[in-house]
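Comments concern the structure below.
The values are calculated or read from the model by the stated rules, or taken from the named source; none is laboratory data. Keep in mind the model is a prediction, meaning the values are calculated, not measured. Cβ placement follows ideal geometry from the backbone for every residue including glycine, while neighbour counts extend to all protein chains displayed. Keep in mind that these areas ignore ligands, DNA and RNA; they rest on the heavy atoms of the full protein, side chains included. Shrake-Rupley method; radii C 1.70, N 1.55, O 1.52, S 1.80 Å.
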Amino acid sequence: MQKILEMEKRWVINKNADYEVVERLTSELNIGRPLASLLNQRGVNTYDEAKRFFRPHLDNLHDPFLMKDMDKAVDRILKAVSKGEKIVVYGDYDVDGTTAVSLVYSFLKLFHRKLEFYIPDRYEEGYGISYKGIDHTINTGVSLMITLDCGIKAVEKVEYAKKNGLDIIIGDHHRPGDKVPEAVAVLDPKQDDCPYPFKEISGCGVGFKLIQALGIKMGLKKEKAYAYLDLVAVSIAADIVSLTGENRVLAHFGLKKINHKPSIGIYALLKSAGIKENENPKSKLLFEREINVNDLVFMLGPRINAAGRIESATDSVRLLISNNFDYAEKLGKQIDELNLTRRDLDSNITKEANEMIDGNIADNDKKTTVVFKETWHKGVIGIVASRLVETFYRPTIVFTKADGLITGSARSIKNFDIYDAIDHCSDILEHFGGHTYAAGLALKPEKLEKFITKFEKYASERITDEMLVPEIEIDEELFISDINFKFYRIVKQFAPFGPGNMSPIFITKNVIDTGYAKLVGRNGQNHLKFSVVHPDRTGNPIPAIAFNQGNHYEKMKTGIPFSICYHIDENTWLGNTTLQLRIKDIKF
């Protein structure tokens, strides 16, 4: 099976900009056409919309009571508080679930003492509400359970809890099944009859809307709920939900909090990850550099996840709700060590999976990748699935064996809904759940081959050969002379970047290397460092770095013109900051 590095990628230039809107934005905002076009592509068409885009405001958040059943949820919680009932906050073991539990638990703890949290064990209980969790909750005298980032499909389990005197409020953001559980309240904007205007909120985001609603009903200052926006930002980034609309506002202010006054738990995690405090007295930033969405995705997310993948996600919640720095620092270091263990497991299993795929010639013509080994660690198979998609660019499921079942983690490619594909095979499965591009599933061992056949058949009927060629979506064409610090400062204000608002990719055609191209990297040949100019235009050369593209070196040295697509970055070296192009692809 061909690997992505060997594939010729498709460049797709966005041509959806509205000429009249772009011209108007250029004039009204006093910016260049490329920037106006970038705004138009992101649905920003007027001066007022641009103002909201560039200057997000917490007043732009939606009324939480627009969410179906929010009034019921708030009333039931306040009744439990007034009667002194015991409440448990129950959530999934991933980043979204643990941040959601930490947020709601911390807020309720401000005015209610009879409170616990519960995170199911990934290996003993699996995803979502478990019978073991319900029984434990009932046996400890709890009468109200609030679930977060799970529960929307737990019809039988909610019924079981109900019969045993336990009320449940569901807070979820996953797609409902054919039937919604008969809980006291079901908070999930993806319900067909939920009028909440923004559907792409994270599980922790649903938790935030709940505490926001509680604050309004109790007459508290808005800042009481806003104090937890750093947790919401981490969940939005790690769960890879859309960074548009309300999520963009929540992420913007959550990042602000992380950079200036994060919770003790997040501060301890950043310190354990090697982020140093800012020693510049003139800077308002807490750390030596600004923390961004990528840091949350690749630095904080894996660490918070590592506890649940290797041992218990309960430690992640203990860290995130901590008010004691020494305790948080100790937990942060422990979780960092678990993350190192997770990396080793991830690396070894990915290597084994790659060898399996390379050695199975019969699968070369398939539209999907499915690998299975019963000894693989259940906690990292989702990460491995993502790595395999990055390598082979196929919808991928990685299976292992746990508690007598074959358990899998699925990841997808652009324009292929893997949730729908798995749903199509639901008659073979014990249970499943997830999103368009990521899902989890479990089935009996004897049904694995039948599932693989049915899954591949469904995919092969819907995936074209073109869909299996990695695509680079290009936002705008630039000349090298267009690129300067003024332009870059405005591009930076498009952040926070993520799905729906990705960091812009630009194309520049017919450039040449200035003659100083060189190979760099550990073995001296992985990466390509060079500078580019337009041979027929004025303007200073711009430095560029192309990771894992050393194969272009010999051709570049000949002086043949080529085209590049790239992000624009800053590069600071020995105190000097310059602009640099981070090359996505090169075509001669």
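How many residues are more than 21 Å from Tyr196 (Cα to Cα), of a type in the set (Lys, Arg) and open to solvent by less than 60 Å² (accessible area, probe 1.4 Å) when one looks only at region 66-92? Count: 1.
Among the numbered conditions (1) under 19 Å from Gln212 (Cα atoms); (2) crowded, with 24+ Cβ neighbours inside 10 Å; (3) aliphatic (A, V, I, L, M), the only one that Val95 does not meet is (1).
Looking at region 143-185, which of its residues are of a type in the set (D, E, K, R), touching a residue at least 24 places away in the same chain (Cβ under 8 Å) and surrounded by fewer than 20 Cβ atoms within 10 Å (Cβ to Cβ)? Of everything in region 143-185, those that are of a type in the set (D, E, K, R), touching a residue at least 24 places away in the same chain (Cβ under 8 Å) and surrounded by fewer than 20 Cβ atoms within 10 Å (Cβ to Cβ) turn out to be Lys157, Arg175, Lys179, Glu182. Of the helices (runs of 4 or more DSSP H) entirely within region 1-116, those holding at least 1 residues that are within 29 Å of the chain's Cα centre (by Cα) occupy 33-41, 47-54, 70-83, 95-109. Scoring Leu574 on the criteria (1) among the aliphatic types (A, V, I, L, M); (2) crowded, with 16+ Cβ neighbours inside 10 Å; (3) without any contact (Cβ under 8 Å) to a residue 24 or more places away in the chain leaves a single failure, condition (2). Selection over region 287-307 of residues that are among the polar types (S, T, N, Q) and not in a helix (DSSP H, G or I) gives a count of 1. Candidates are the residues of region 246-270 that are in contact with an Asp or Glu (Cβ under 7 Å, 6 or more places away or on another chain) and part of a helix (DSSP H, G or I); the one that is farthest from Gly43 (Cα to Cα) is Ala268. Counting only residues that are among the hydroxyl-bearing types (Ser, Thr, Tyr) and open to solvent by 100 Å² or more (accessible area, probe 1.4 Å), region 510-560 holds 2 of them. Criterion first (among the aromatic types (Phe, Trp, Tyr) and modelled with pLDDT of 95 or more) does Tyr90 satisfy it? Here the answer is yes, as Tyr90 does meet what is asked. The set of residues in region 30-65 being surrounded by 14 or more Cβ atoms within 10 Å (Cβ to Cβ) and more than 21 Å from Gly500 (Cβ to Cβ) consists of Ile31, Gly32, Arg33, Pro64, Phe65.
Each row is one residue, and each column tells you yes or no for (1) surrounded by 16 or more Cβ atoms within 10 Å (Cβ to Cβ); (2) among the aliphatic types (A, V, I, L, M).
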| residue | (1), (2) |
| --- | --- |
| Pro197 | no, no |
| Cys204 | yes, no |
| Ile211 | yes, yes |
| Lys222 | no, no |
| Lys257 | yes, no |
| His260 | no, no |
| Gly274 | no, no |
| Val293 | yes, yes |
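Residues are listed down the side, and each one gets a yes or a no for (1) over 22 Å from Phe451 (Cα atoms); (2) in contact with a strand residue (DSSP E or B) (Cβ under 7 Å, 6 or more places away or on another chain); (3) open to solvent by less than 70 Å² (accessible area, probe 1.4 Å); (4) not polar (S, T, N, Q):
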residue	(1), (2), (3), (4)
Ile321	yes, no, yes, yes
Asp326	yes, no, no, yes
Lys333	yes, no, no, yes
Asp346	yes, no, yes, yes
Val384	no, yes, yes, yes
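Scanning region 128-142 for residues that are without any contact (Cβ under 8 Å) to a residue 40 or more places away in the chain, under 31 Å from the mean Cα position of the chain (by Cα) and part of a helix (DSSP H, G or I) gives Tyr131, Lys132, Ile134. Residues in region 397-450 that are open to solvent by 70 Å² or more (accessible area, probe 1.4 Å) and either touching a His at 6+ places or on another chain (Cβ under 8 Å) or not basic (Lys, Arg) (or both): Asp403, Asn415, His424, Asp427, Glu430, His431, Tyr437, Glu446, Glu449.
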